[in-house]
Structures are given as structure tokens and as C-alpha cells.
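Visitor: The following block contains the structure, expressed as C-alpha cells.
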Amino acid sequence: MSTAQFYRLSFADVDRVLEIEQQLYSHPWTRGNFHDSLYNSHEMVGLQDASNNLIAYYVLMPVVDEMHLLNFAISTQYQGLGYARSVLDHLCASAREQKFISVLLEVRLSNLRAISVYTQYGFSEIGRRKAYYPVADNMREDAIVMRMEL
Ligand SMILES: CC(C)(COP(=O)(O)OP(=O)(O)OC[C@H]1O[C@@H](n2cnc3c(N)ncnc32)[C@H](O)[C@@H]1OP(=O)(O)O)[C@@H](O)C(=O)NCCC(=O)NCCS
């Protein structure tokens, strides 16, 4: 972790972000989704190691006084190594510096690993969005809405 560095992602990084995104999610963001975030100046940040391998990335969207965590991912080979906490530390510090009062996120009801990470970090469930996410066979899955005050 000591040699890993956070840096602001740009259009030039979208290919390598997509490579990870497509490995991790059943319904990954498209190139267009990432471009939209960049065009809208969302905070898109990557964490890379000393050999420039992308370890993790996140996307934050400001909404009034709250930061929305739109995407948060750790590349498969770097999972289970404690990077989740470091990335959450980084994004919360950034939001805090910019005077946002909280971070809000949605997570699939079935994503127990992510829910565990967020809960251990200090996020609490504040609601559910019914049938928010697509799943296979034209079915839908609820989202848990979680929030943490900064
Ligand atoms: C969610 C994600 C960012 C977490 O990062 P990670 O490196 O895997 O997280 P860690 O290994 O540090 O922590 C996982 C925690 O969940 C626990 N966990 C792992 N699998 C679990 C499961 N199936 N059910 C419940 N808890 C689980 C682990 O025990 C660990 O807790 P611990 O620190 O007390 O041991 C990562 O798995 C990821 O990128 N997943 C795919 C993308 C994604 O789902 N992003 C979130 C979208 S909202």
C-alpha cells in the first residue's frame, strides 16, 4: 500500500477502468457512463501501484451538500487486502475537505461483501429502493441506500 498512489482519472484511463468494471459487475457501467461522469466533472479517482497497475477506482457525484458514491471497485487480484478501507478513507477525506456533510450510496441487496465493508466503515442503511437494479432474466433487485455522516 505504501507505494500505491491515488490520482484523478481522465478519458485516457477509461479503457483500463472498463477492463476491471467488466470483470467485476454483472451489469457493468458502459464507456458512455464513464464518459458522462467525466463530462459532468464527477470525481473519478484511481489507485495504482508502483508499476502503474490499477488497483481500485471510485466515482463521486456531488448533490447539494452530500457526496454520492456512484461506483467503487477493487480489481479482483487486489481484493481482500484491505484496500477497501484505504479507498473509503481517501474519498471521505476528499468529501470532507470540500465541506460535504455526508456520503450516500446504493448497494445491491445481494452484495453482502460490499454491505459488510460499508457497515464496518460506519455507513448505515437509511432506506431501500425497490427493484432498482437489473438482474438476469429480466428480473430486478432492490438497492439498500446507505449513508454516513462526515
Ligand atoms: C466491495 C469491494 C470494493 C470490497 O473490497 P474487498 O477488498 O473485497 O474488501 P475486503 O476484503 O477488504 O473486505 C471484505 C469484508 O467483507 C467480508 N466478506 C467477504 N465476503 C463476504 C460475504 N460473502 N458475505 C459477507 N461478508 C463478506 C470479509 O470478511 C471482509 O470483512 P473483514 O475485514 O471483517 O474480514 C470489492 O469486493 C469489489 O470491488 N467488489 C466488486 C464491485 C462492487 O461490488 N462494488 C461495490 C458496489 S456498491
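Visitor: Along segment 85-99, what does the Karplus equation 6.51 cos²θ - 1.76 cosθ + 1.60 (θ = phi - 60°) give for ³J(HN,Hα), rounded to whole Hz, x for Gly and Pro?
Guide: 5, 4, 5, 5, 4, 5, 6, 5, 4, 5, 5, 4, 4, 8, 6
Visitor: Taking a spot 7 Å from the Cα of SER102 along the direction of its beta carbon, which residues of segment 110-140 have an amide N less than 11 Å from it?
Guide: 124-127
Visitor: A follow-up question, please. So what does GLU19 come to for accessible area, using a 1.4 Å probe and Å² rounded to 10?
Guide: Roughly 120 Å² of GLU19 is accessible to a 1.4 Å probe.
Visitor: Leaving ligands, DNA and RNA out of it, work out the accessible area of ARG8 with a 1.4 Å probe and give it in Å² to the nearest 10.
Guide: Roll a 1.4 Å probe over it and ARG8 shows about 140 Å².
Visitor: Return the sequence-ordered ³J(HN,Hα) values of segment 140-150 in whole Hz as given by the Karplus equation 6.51 cos²θ - 1.76 cosθ + 1.60 applied to θ = phi - 60°, using x for Gly and Pro.
Guide: Each residue of segment 140-150 in turn: 10, 10, 6, 9, 8, 9, 10, 9, 9, 6, 9 Hz.
Visitor: Mind listing the long-range amide H neighbours of ALA56? Cut-off is under 5 Å, sequence gap 5 or more, other chains count too, H placed in the peptide plane at 1.01 Å from N.
Guide: Residues meeting the amide H criterion: LEU47, SER75.
Visitor: Classify segment 52-150 from the C-alpha gyration tensor, please: rounded if a/c falls under 1.5, else prolate or oblate depending on whether a/b exceeds b/c.
Guide: Working: a/c = 1.79, a/b = 1.15, b/c = 1.56.
Oblate is the answer for segment 52-150, as a/c is 1.5 or above yet b/c matches or exceeds a/b.
Visitor: Which whole-Hz couplings ³J(HN,Hα) result when phi for each residue of segment 122-128 is put into the Karplus expression 6.51 cos²θ - 1.76 cosθ + 1.60, θ = phi - 60°, listed in order with x for Gly and Pro?
Guide: In residue order, the calculated couplings are x, 7, 10, 5, 10, x, 10 Hz.
Visitor: Could you work out how much longer the chain between THR76 and ALA136 gets when fully extended? Use 0.36 nm per residue separation minus the Cα distance between them, nm to one decimal. Show your work: numbers first, answer last.
Guide: On the way: separation 60, 0.36 × 60 = 21.60 nm, distance 2.18 nm.
Stretched out fully, the THR76 to ALA136 stretch lengthens by 19.4 nm.
Visitor: So between GLU149 and LEU109, what do we pick up on full extension, going 0.36 nm a residue minus the alpha carbon distance?
Guide: On the way: separation 40, 0.36 × 40 = 14.40 nm, distance 2.15 nm.
The GLU149-LEU109 span can extend by a further 12.2 nm.
Visitor: Between GLN79, MET44, VAL59, whose Cα lies farthest towards the positive end of the dipole of the chain when Lys and Arg beta carbons carry +1 and Asp and Glu beta carbons carry -1, centred on the Cα centre?
Guide: GLN79
Visitor: Moving on. Over the residues of segment 12-87, compute the C-alpha Rg and express it relative to 2.2 N^0.38 Å.
Guide: Numbers: Rg = 12.4 Å, N = 76, 2.2 N^0.38 = 11.4 Å.
Normalised Cα radius of gyration, segment 12-87: 1.09.
The values are calculated or read from the model by the stated rules, or taken from the named source; none is laboratory data. Since we're looking at a predicted model, the values are computed, not measured. Note that each Cβ is placed from the backbone with ideal geometry, even for glycine, and that neighbours are counted across all protein chains shown. SASA here: full protein model, heavy atoms, side chains in, ligands and nucleic acids out. Shrake-Rupley method; radii C 1.70, N 1.55, O 1.52, S 1.80 Å.
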